[in-house]
Structure formats: structure tokens, C-alpha cells
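Trainee: Attaching a single structure in C-alpha cells format; questions to follow.
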Amino acid sequence: MVKKYDVLIIGGGVSGTALFYILSKYTNLSRIALLEKYHKVAQVNSRGRNNSQTLHIGDIETNYSLEKAKTVKPAAMMIPFYVKKLYPDTQNKILFKVPKMILAVGKNEVTKLEERYEEIKELYPDLQKLDRKGIGNIEPNIMKGRKDDEELLALYTPDGYAVNYGMLAASFIKEVEKGANNRSDLLLGCKVENITRTDDGYKLVTSKGVFRAEVVVVDADSYSLFFAKSLGYGKKFSLIPVAGNFYFSNQLLNGKVYTMQDKKLPFAAVHGDPDVQVPNKTRWGPTAKFFPVLESGKLSTSLDYFKSAGLFRYCTAKSFIKILGDYTRLKYLIKNTLYDFPVIGKILFLPNIRKIIPSVKARDLKKAKGFGGMRLQRVDTETHELQLGEGRIIGDNIIFNMTPSPGASVCLFNAVRDTEWIMRVFDNKYKFDKLAMENNCTGGYPCEMDRDTSVDFYSS
Ligand SMILES: Cc1cc2nc3c(=O)[nH]c(=O)nc-3n(C[C@H](O)[C@H](O)[C@H](O)COP(=O)(O)OP(=O)(O)OC[C@H]3O[C@@H](n4cnc5c(N)ncnc54)[C@H](O)[C@@H]3O)c2cc1C
């Protein structure tokens, strides 16, 4: 029997589960389903140990423009508002108060951070400027063994958050199940094999049978472009596959310490973080290794990467040469690839950590096996440019969300944005109780759609 839905969501990471929660709890759509290929939600990039667990609000992310910081902050702060409405024992598994610092080392970086502080201080009034003494009071290991003449500056807040995004995704499902209605189906172990357009919507062939839906939202992150291309959308995009792995040391930091980011590079520079699932350790990374797969540690996803990336097209090759031919980027990728080599890897990686903790030794570091995820960086093969952050391809009654960082931080906002789009597709036949959503997810503040952090591409 073919099951028919108003909306089908593909992908049970933090993005897909957030949308499932918003649609199930705050709209009166008749039939909604979430299809996830694994037997549990959040087993890929949203898994607790596969990302850096930071709630990005723009205060320590020196690569965000002021405009981006203004949009990310309220969008990300929806997570603490949502979590604080849950039972205390659930809250304690998802959200963690963790101090955060951005550290500038050397004259050049200090000057840049001074300028950054002037630019953002009104947006983040709690951000404190710390000199060497202030830094040493909060993170003593940063000062141990440090040269006396090295210029340092930090911006610091005691009120940062770490999030277990895997537990957050599980809580969205629990909330849907609590309000048990017969409108929402969660199908785990249900792999979508292909999607085709039909007269009245879409037909999805899956490992659990055939489903039909009027509207489809693909929240499959690294796999979203794969599905888009299978339907003829997003042809101009390719993907640079970058694996992000980590090292562990004993606990050397009290909070998160980020370093200044090079604007040419799409990834956060190496940082040290407490791991919310591994007590008394500091997690260092992520590294950035070129590795052609769509899911970390799954060689079987390599073929799908090649299908998504369209590597053998002339314009893709030209884009890769232009992007990776840049000296800074090429040097960075080669160095990062070496960090994963046994024995020499951690010796080569050491200077990144010594920028934060000068006294650290190679023997203090251990590779974090089984930790890390894939960051698929979008490339526009028409302009030959690397595209930073999230993107959304909007087709005919279908959306494909590509959600690199800060995708997890803004998952609730993205879910609300996609819900409003779905309501428009149905010509407002269904209702979205936005006020009730705001009561639970924004502390009652209006959730304004001009805060969207992702770039939209319209295809017909
Ligand atoms: C190293 C690293 C560090 C990061 N650090 C941070 C951070 O500190 N803060 C932050 O906000 N973000 C961070 N990110 C980004 C963050 O992890 C992502 O934005 C987020 O997890 C994306 O969630 P998602 O639900 O869109 O994708 P995913 O969690 O990857 O979920 C996609 C889902 O789609 C499913 N799927 C795929 N194909 C199919 C199919 N055929 N059928 C059915 N289901 C399918 C998958 O099984 C998966 O469950 C980091 C990422 C990496 C790699």
C-alpha cells in the first residue's frame, strides 16, 4: 500500500527533527512523516561526538560579518529558550553552560581583535576584554610557558553554551511523541532510494516501501545536493569534502577557547573545548582533511560523493583549481591531511594547540577515534567561488537544505522558516500557530524571517 503525506522530511539529524517537531506541534497539517535511514536519529553530523558542540551566536566567531552575527544570534538563542521549557533532567543532557573565549596571539591578531570588539560590543554587551593578567586568571594554562613579550588579547563571556545536538534531536522526537497524534509518523531504518516528480507531488521509493507527498523537505545535509541533482536541481554546485577530526588531552582548559580565523578559510581555526560527553578532557580540533566521502568513516559513501560533486565536468575542475590553487588554502589542506598520519600527525598538529597552551607536549595528545564529521563545502562552478555557510535550493514544492556550521545552532530557526514556506505552498489551507511556537522557542519574542542565515537558490 502506498502511504500519502502532506509533507515528507528526509533526514533525522537535528535539522529534520526540528522541522518534524515544529510541523507536528504547531501546525494542523493532516499527515507528516520523517524518514531516516539509520535506526536512531542524529547518527551523522548532529551526533554528539561528531561536531564541536558549540552554540554559535557570533561573539567569538571572527569570520562572521556584523550582519551575519546579528542574524545568527537570535536564531541560535532559540535553542536555550526551547530547552529551558523541558524537564530539568532532560535539559541537563542537552544544554551546558560553558564559558567561551576568543584568543588573539601576536600584534597582528591583537589589532584585528581590537577592531572586532569595537564592531560587535553593542551586540554582545556581556563580552569582556581581557589582557594577559585577565586571561591568566580565567585560563591559567594559556599563560604557562608563554613568552613575556608575546602580545595577547581575549574576548570572554562566562555565559556561553555547549549543546549535545544528538540529544537535542532526540528531544524533538520525544516532544512529538508526547503530543501523540495520528498525524506524524517517524520511520527509522527507512532509506530513501530515489525521488521522482509526479502529477500531484513526489513519489519516494524507500527501503520500507513507496511513499507519496505533496511537499518534500530534504534535510540530509551532505546528501541534500545528491538528491537535488537526481531531480535536476542545483546542477551548478559541486562539493569540496573536508573531514573534521579531533584530538584529546587531559583537561587543560576551563571553557571553550577559539583562535582567530583566516577569512579565506571556511572553517573555524583550531579550538579547545570541554566535551559534554567526555568529562575531564579537552577536545582539540577540528582538523580539515580532504577526503572524498559524504559521511565520516563510511567509504561506501564515496561513490555518492563523486555523483554529487560532478568532478569530471570542465567547470568543476576549473573551480577546484581556482579555489585550491590559492596558496593559503592549498597549504592549509596539505598540512591538515598530514595531521591524520600516525605518530607524525600529532607532532605536526602541536603548534596549533601551543598557540593556546604553550606548554603542551605531543605525548599529551591522543587521537579522538570515532569522533568527527564531514564538512561538505559548496562550490559554485559558474563563478568558481567557494560558498560559505548554509544554503537552500528551493524547487517545485521541494527544498534541499545544505547545512554546514552553524546549521546545528540555527536548526529551530530554519525549521520555522521552512514551515512558513510550506504554509505558502499549501496556499494557507493549513494554519501555523506561530505565537504558540514563539512562546516555547523564543521566549515570546517575534521570530523574524529576515534573520535567515542561509543563502537561497531558486530553481524551477
Ligand atoms: C567537525 C564538525 C564540527 C562542527 N561543529 C559545529 C558546532 O560547534 N556548532 C554548530 O552549530 N555546528 C557545527 N557543525 C555543523 C553541524 O554538525 C551541522 O550543521 C548539523 O549537524 C547539520 O544537521 P543536519 O540534520 O542538517 O544533518 P545531519 O545531522 O548530517 O543529518 C542528516 C540526516 O540525513 C540522513 N539521510 C541521508 N541520506 C538519507 C537517505 N537516503 N534516506 C534517509 N535518510 C537519509 C542521515 O542519515 C542523517 O541522519 C560541525 C560539523 C562538523 C563536521
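The values are calculated or read from the model by the stated rules, or taken from the named source; none is laboratory data. Owing to the predicted nature of the structure, the values given are computational and were not obtained by experimental measurement. As a convention, Cβ positions derive from the backbone with ideal geometry for all residues, glycine included, and neighbour counts pool all protein chains shown. Surface accessibility is based on the protein's heavy atoms, side chains included, excluding ligands, DNA and RNA. Shrake-Rupley method; radii C 1.70, N 1.55, O 1.52, S 1.80 Å.
Trainee: Based on the Cβ-Cβ distance of T198 and S30, what FRET efficiency does E = 1/(1 + (r/R0)^6) give at R0 = 22 Å, to the nearest 0.05?
Mentor: 0.75
Trainee: What is the list of residues in region 334-356 whose amide nitrogen lies under 20 Å from a point 7 angstrom out from the Cα of E150, following Cα to Cβ?
Mentor: Residues passing the 20 Å test: 346-356.
Trainee: Continuing with this model, one more query. Considering every Cα-Cα pair within region 50-169, what fraction, in whole percent, is farther apart than 18 Å?
Mentor: 57
Trainee: Related question: Give the relative contact order (percent, whole number) for the chain; include only Cα pairs under 8 Å separated by 6+ residues.
Mentor: Across the chain, relative contact order equals 24 percent.
Trainee: Please list the non-local residues whose amide H lies under 5 Å from the amide H of D159, H modeled 1.01 Å from N, same-chain partners needing a gap of 5 or more.
Mentor: K100
Trainee: How much solvent-accessible surface does K236 expose, in Å² to the nearest 10, with a 1.4 Å probe and all protein chains in place?
Mentor: 60
Trainee: Specify whether the C-alpha gyration tensor of region 127-168 places it in the rounded, prolate or oblate class, a ≥ b ≥ c being the square roots of the eigenvalues: rounded for a/c under 1.5, otherwise prolate if a/b is larger than b/c and oblate if not.
Mentor: prolate
Trainee: Then there is this: Please work out how much accessible surface V2 shows to a 1.4 Å probe, ignoring ligands, DNA and RNA, in Å² rounded to 10.
Mentor: About 80 Å², ignoring ligands and nucleic acids.
Trainee: Order of 96-105, 400-409, 188-197 by packing, highest average Cβ count within 10 Å first?
Mentor: The packing order, highest mean first, is 400-409, 96-105, 188-197.
Trainee: Which whole number in µm²/s is D for region 177-261 by Stokes-Einstein, with the Kirkwood Rh taken over Cα pairs at 37 °C and 0.692 mPa s?
Mentor: Here the translational diffusion coefficient equals 191 µm²/s.
Trainee: Does region 14-70 come out rounded, prolate or oblate, given a ≥ b ≥ c as the square roots of the eigenvalues of its C-alpha gyration tensor, rounded meaning a/c under 1.5 and, failing that, prolate meaning a/b above b/c?
Mentor: oblate
Trainee: Mind running the shape call on the chain? Use the C-alpha gyration tensor, a ≥ b ≥ c as the square roots of the eigenvalues: rounded below 1.5 for a/c, prolate if a/b tops b/c, oblate otherwise.
Mentor: It comes out prolate by the Cα gyration axes.
Trainee: Which whole number in µm²/s is D for region 289-427 by Stokes-Einstein, with the Kirkwood Rh taken over Cα pairs at 10 °C and 1.306 mPa s?
Mentor: Estimated diffusion coefficient is 87 µm²/s.
Trainee: In addition: Please report the orientation-averaged projected area of region 385-460, defined via the convex hull of its C-alpha atoms, in nm².
Mentor: 5.8
Trainee: I've got another one for you. Enumerate the amide H contacts of L294 below 5 Å, restricted to partners 5 or more residues apart or on another chain; note that Pro and chain-start residues carry no placed amide H.
Mentor: When sequence neighbours closer than 5 places are left aside, the close amide H contacts are T301, S302, Y305.
Trainee: Let me ask you something else. Just to be sure I understand the model, the point goes 7 Å from the Cα along the line to the Cβ. What's the resulting K366 to N428 distance in nm?
Mentor: The answer from the label model is 6.0 nm.
Trainee: FRET efficiency for L435 and Y458, Cβ-Cβ distance as r, R0 = 22 Å, nearest 0.05? It would help to have the intermediate numbers written out before the result.
Mentor: Details: r = 29 Å, r/R0 = 1.33.
The pair L435/Y458 has a calculated efficiency of 0.15.
Trainee: If the limit is 28 Å between Cα atoms, which of K144/K367; K97/K281; K84/K208; K68/K367; K40/K178; K100/K361 go over it?
Mentor: Over 28 Å apart, Cα to Cα: K84/K208; K68/K367.
Trainee: Spin-label point model (7 Å from Cα, Cβ direction): what's the F290 to K112 distance in nm?
Mentor: With each label placed 7 Å out from Cα toward Cβ, I get 2.3 nm.
Trainee: Return, ordered by residue number, the residues of region 1-19 whose backbone nitrogen is under 20 Å from a label point located 7 Å along Cα→Cβ of H39.
Mentor: Inside the label zone: 11-13.
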